[in-house]
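Notes to accompany the following structure.
The values are calculated or read from the model by the stated rules, or taken from the named source; none is laboratory data. Bear in mind the structure is a predicted one, so any value in this text is a computation, not a measurement. Neighbour counts are summed over all protein chains in view; Cβ atoms, including those assigned to glycine, are modelled from backbone coordinates with ideal geometry.
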Amino acid sequence: MMDKSVIAKGIACYKPEQDKFLRLLRMKKRLTADEFDRLFSNREFRHRGRKLLIPNNWGDGLFTLGMGQNGGNGWAFWLDLVQHMMLLNMVDAKTEKGMVVYTLPQ
């Protein structure tokens, strides 16, 4: 498993997106996988005029998110970011009745 400091550095440039997702969780208290999919699929989650940030310098230790097998879209970007945030204990995820549910850590 990757060191947490490497993960934190890798997603550091996505701080505005991290804050946006945490704000969403604070407002809703919990977000199911179905709600996540509805919010982030087939459209970009609005960034107030900002495009998704993709680092230009591959050697700087930053991660380019959402580029896996199902990648290249807003949904994959957000899922990848949330999974990294889970590794840093910024977001909790549990399975309830067969559905992934995202919450803030207790």
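Among the residues making up region 74-95, those that are in contact (Cβ under 8 Å) with a residue 24 or more places away in the chain and surrounded by fewer than 17 Cβ atoms within 10 Å (Cβ to Cβ) are LEU87, LEU88. Could you check region 9-29 and list, in sequence order, the residues that are over 16 Å from TRP78 (Cα atoms), loosely packed, with under 14 Cβ neighbours inside 10 Å and touching a residue at least 24 places away in the same chain (Cβ under 8 Å)? Hits for region 9-29 are ARG26, LYS29. Residues of region 73-91 that are within 14 Å of ARG23 (Cα to Cα) and not in a helix (DSSP H, G or I): MET90, VAL91. Here's a check for you: in region 1-44, which residue that is small (Gly, Ala, Ser) and part of a helix (DSSP H, G or I) is modelled with the highest pLDDT? Checked region 1-44; the qualifying residue modelled with the highest pLDDT is ALA33.
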